[in-house]
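The values are calculated or read from the model by the stated rules, or taken from the named source; none is laboratory data. Note that the coordinates shown come from a computational prediction; the quantities given were computed from them, not determined experimentally. Reconstructed Cβ throughout: ideal geometry from the backbone, glycine too, with neighbour counts over all protein chains shown.
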Amino acid sequence: MQKTFFKYTFIIITTAISLILLINFIFSLNTLENRQFDTFYTKTDQMIHTLENNREELRLLREGLDEDYLTRAKAAAYVLDNLKEVSMDVSELQYLADLLNVDEIHIIDENGFIVAGSVSKYVGMDMHDHPQTNAFITLLESDDPDAYLIQEAQPNAAEAKIMQYIGVRRKGQKGIIQVGLTPTRQLAAQSRNTYEYIFSKFPTDKGEELFVVDAHTGEILGHSAGINMDFDAECYQLDQLMDCSNGAYKQGPDGNKMYVVSRPYDDVLLCAALPKSILLHKLWGSTLATLFCLLFIEAAVILLLTYLVNKKVIDGIHRINEDLTLITNGSLDTQVAVGGNREFEELSRGINQMVRSIVSLSDRISAIIEISGIPLAAFEYERDVKQLFVTSGLSELLDLSDQQSTELYRDSARFDQYIRKLTKTPVEGESDIYQINSSKYIRIHMSESADGCLGVISDVTQDMLKKQKMQYENTHDPLTGLFKYNHFKHQAAKTLHAMSSDKVCAMVMLDLDCFKSINDTYGHDAGDLYLQEFANIVQKMPPEHCLSARRSGDEFCMMIYDCQDVKEIEKYLDNFYEMLSQHEVPVSEDHSKIISVSGGFALAHDPDIGIEDLLAKADEALYEVKRTDKGHYITYKTTE
């Protein structure tokens with residue numbers, strides 16, 4: 001026992017340590033993931049703050065510059081419209097551009113051509129020819145004398161160099177004065193709003209990646225290590241990043257797992273990723289230290305428990321085992337008396353009390369069963385011993401007379417023979433329930449071994465009666481007591497299949513004539529009585545040759561089977577109609593009705609014919625008699 005105790009103590013404590021380490025690892029990993037999530041979230045917050053600050057700076061810069069550039073464009077237009085001495089010479093216009101501190105000045109006529117300008121090679125250009133220049137044509141088409149257009153910085157039509165153009169409509173004649181400037185300050189501000197610039201300002205930890213993904217196309221717009229790299233890994237794919245808002249592990253480059261956090265902002269996803277190996281590396285130090293401490297505690301606990309068990313438990317158990325051996329060998333007067341601790345003293349008293357109780361076990365069990373009021377009895381016997389153990393009430397449950405019970409209880413072999421004969425014929429559909437007489441059912445549970453048998457018998461009469469009632473309600477129409485239609489079809493199919501090949505049967509469909517008028521004239525109670533009286537006549541048909549059911553409302557069906565020929569079937573039907581003609585149903589205090597019913601039947605010679613097909617043919621015959629002449633029956637005839 002000492003070895004067993006040591007073995008299981010070691011297993012339990014080691015398992016506990018493993019669970020502690022596992023739980024500690026899981027919680028620590030979860031804490032690290034939460035901490036990393038907070039770090040990533042803070043960095044994306046800073047990125048968003050930087051982007052918004054840069055955008056605001058760019059917006060304010062553009063607003064100020066746009067207003068300043070528009071003023072210069074209007075000044076150029078004023079000079080050219082009002083000072084006639086200013087010539088259209090390239091050098092003269094370049095001089096004016098220098099005075100206004102702009103890079104280019106162009107004069108566009110009413111047809112959209114550049115007729116003069118500070119850049120000679122632009123003279124003669126048609127503004128219609130390029131999307132960049134064509135935007136200014138709207139000023140020629142506008143009726144607003146103060147119309148102007150401030151264009152965003154973009155490549156110009158002539159040389160594709162980045163320029164910003166501002167155009168105003170001329171006052172003195174139809175045309176446009178356009179000035180152009182190199183947007184140095186805007187470009188510098190825009191460069192500060194690029195993801196590469198922002199990533200350069202955010203230091204990353206070892207293995208950490210920051211990147212931006214277009215939320216519509218999935219294109220990588222920026223990466224902390226540059227975008228000249230392969231982005232085929234799962235952690236860079238848009239559909240995978242969409243479910244990383246709370247942090248998730250995705251496959252990274254070279255098959256490494258990455259802890260990824262994504263955050264939507266405008267039309268992009270701001271993402272941060274860290275290899276799982278780096279995240280896990282932080283756990284190993286603390287986990288190993290915890291393991292060494294727990295192993296030391298385990299060794300100390302096992303040594304202490306082993307000493308205590310030997311001293312306080314095993315010695316007492318040995319003494320109790322010695323006394324139990326004597327009791328097992330038949331010395332029931334042996335008194336167990338082991339001291340040393342309260343538990344052993346209580347165990348000794350319990351064993352002694354148990355031994356005393358064994359002597360009167362049969363009487364006590366019978367008394368308990370009798371007090372409980374439960375119709376229950378038990379028996380036990382060994383095959384090589386005549387003695388039989390039974391509780392009171394067994395004779396009543398088995399419906400045995402005093403003489404029968406005395407003879408059976410005297411010899412276990414005879415009782416065994418009786419029980420085996422009884423259990424050969426269980427109730428149909430049950431495995432351990434048996435019918436004792438017409439009004440009693442019992443359940444027998446037995447456990448057999450090579451030496452003998454132990455059994456428990458209980459009265460289940462009420463349960464079986466309830467079950468039979470439920471089965472009856474499930475299969476019989478509550479108003480008429482006839483079979484329900486679905487159960488009828490099931491029984492009819494079984495009957496047809498079992499019928500001998502030299503016999504014939506018929507499926508009969510019946511429909512009460514003028515039943516609706518009875519309901520409408522005398523009320524539904526009279527209608528229900530009419531249906532019940534009809535069902536009573538149906539139930540007088542010979543049960544060995546007839547199955548019957550209520551199909552619906554006032555429709556019924558019968559199966560007349562196991563007949564020699566059609567004449568025998570017609571004899572049964574004639575008798576049925578004769579009984580109907582002699583039976584009046586009181587539908588009111590002053591009136592009675594003879595039941596009138598139309599019927600059609602179809603013959604079946606082949607047991608393999610389908611019930612549904614047979615019913616359909618009988619239904620066709622019924623429809624024919626209802627259509628032509630109600631109140632009698634006809635047979636189904638095939639149409640050529």
(message) Is it the case, given these coordinates, that Glu612 is in a helix (DSSP H, G or I), out of contact with any helix residue (DSSP H, G or I) (no Cβ under 7 Å at 6 or more places or on another chain) and loosely packed, with under 15 Cβ neighbours inside 10 Å?
(response) yes
(message) Looking at Tyr259 and the list (1) surrounded by 20 or more Cβ atoms within 10 Å (Cβ to Cβ); (2) under 14 Å from Thr44 (Cβ atoms), which single condition is not satisfied?
(response) (2)
(request) Return the residue satisfying two criteria in turn: it lies in region 461-508 and is touching a strand residue (DSSP E or B) at 6+ places or on another chain (Cβ under 7 Å) and among the aromatic types (Phe, Trp, Tyr), and of such residues it is surrounded by the most Cβ atoms within 10 Å (Cβ to Cβ). (result) Phe488
(request) Quick one: which residue in Lys571, Lys626, Lys617, Lys567 is closer than 25 Å to Gly527 by Cβ and either assigned by TED's automatic domain parsing to the domain that holds Val504 or in a loop (DSSP other than H, G, I, E, B) (or both)? (result) Lys626
(message) Can you tell me which of (1) at pLDDT 85 or above; (2) under 30 Å from Tyr195 (Cα atoms); (3) over 42 Å from the mean Cα position of the chain (by Cα) is the one Phe37 doesn't meet?
(response) (3)
(message) Being closer than 28 Å to Lys7 by Cβ and at pLDDT below 75 is the requirement here; does Arg319 meet it?
(response) yes
(request) Can you confirm whether region 479-486 contains a residue that is closer than 14 Å to Leu398 by Cβ, under 43 Å from the mean Cα position of the chain (by Cα) and not in a helix (DSSP H, G or I)? (result) no
(request) Working carefully through the options Ala506, Ala493, Ala498, find the one that is over 20 Å from Gly599 (Cα atoms) and in contact with a helix residue (DSSP H, G or I) (Cβ under 9 Å, 6 or more places away or on another chain). (result) Ala493
(message) Residue under question is Thr42, and the condition is that it be surrounded by fewer than 16 Cβ atoms within 10 Å (Cβ to Cβ) and in contact (Cβ under 8 Å) with a residue 24 or more places away in the chain; does it hold?
(response) no
(message) Let me confirm something: among Asp606, Asp562, which residue is outside any strand (DSSP E or B) and either closer than 13 Å to Phe534 by Cα or in the same structural domain as Ala493 (by TED's automatic domain parsing) (or both)?
(response) Asp606
(message) Condition first: crowded, with 17+ Cβ neighbours inside 10 Å and of a type in the set (A, V, I, L, M, F, W, C). Now tell me which residues in region 390-423 satisfy that.
(response) Val390, Leu394, Leu397, Leu398, Leu400, Leu408, Phe415, Ile419
(request) Grab the strands (runs of 3 or more DSSP E) fully contained in region 146-186, keeping just those with 1 or more residues being without any contact (Cβ under 8 Å) to a residue 40 or more places away in the chain. (result) 148-150, 162-169
(message) Which count do you get for residues in region 402-415 that are more than 16 Å from Ala377 (Cα to Cα) and either touching a Lys or Arg at 6+ places or on another chain (Cβ under 9 Å) or not in a helix (DSSP H, G or I) (or both)?
(response) 5
(request) Quick one: count up the residues across region 542-560 that are of a type in the set (Ser, Thr, Tyr) and either modelled with pLDDT of 95 or more or in contact with a Gly (Cβ under 8 Å, 6 or more places away or on another chain) (or both). (result) 1
(request) Kindly indicate which of Asp520, Asp463, Asp528 is within 43 Å of the chain's Cα centre (by Cα), among the acidic types (Asp, Glu) and in a helix (DSSP H, G or I). (result) Asp463
(request) Kindly provide the set of residues from region 434-460 that are buried (at least 18 other Cβ atoms within 10 Å of the Cβ), closer than 20 Å to Pro375 by Cβ and of a type outside the set (Gly, Ala, Ser), ordered by number. (result) Tyr434, Tyr441, Ile442, Arg443, Ile444, Ile457, Asp459, Val460
(message) Please count how many residues of region 267-303 are within 30 Å of Thr194 (Cα to Cα) and surrounded by 11 or more Cβ atoms within 10 Å (Cβ to Cβ).
(response) 11
